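Derivation of every value follows stated rules applied to the coordinates shown; laboratory data play no part. Computed from a predicted model, the values in this text were never measured in an experiment. As a convention, Cβ positions derive from the backbone with ideal geometry for all residues, glycine included, and neighbour counts pool all protein chains shown.
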Amino acid sequence: MASIKSSLLSRLGDEQNIAERHHGKSRSHMAFENTSTNVAAAQMRNHLTGLAESVADPDQKKLFETEMDNFFALFRRYLNDKAKGNVV
């Protein structure tokens, strides 16, 4: 493994040079991640709504909907942190 790294560094230059040439995420890559996050959130919301619709008792349904709304908020937070590259 070390020999591969040393041969790459000799071909590409030192590690500082490699870091300077790295440009990060492109706009299209960020847009794709954003779209993927939105699709995942929409699917989760649809499933949670379906679960809430299955509760017959109106009082229990209200409590369940509140619980699912809180869960969905945490899920969105998780998706956003993951898309930003934060450790979750």
Return a whole-number percent for the relative contact order of the range 25-88, with Cα pairs under 8 Å and 6 or more residues apart as the contact set. 37 percent
Taking r as the C-beta separation of Lys82 and Gln60 and R0 as 35 Å, the FRET efficiency to the nearest 0.05 is 0.65
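Mind putting a number on the dipole of the range 26-88 about its Cα centre? Charges go on the C-beta only, +1 for Lys and Arg and -1 for Asp and Glu, and I need it in Debye to the nearest 20. Each step should come with its number before you reach the end.
Numbers: 8 positive and 8 negative charges, 86 e Å.
Here the range 26-88 has a charge dipole of around 420 debye.
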Rg/Rh for the range 25-88: what does it come to with C-alpha atoms and Rh from Kirkwood? 1.13
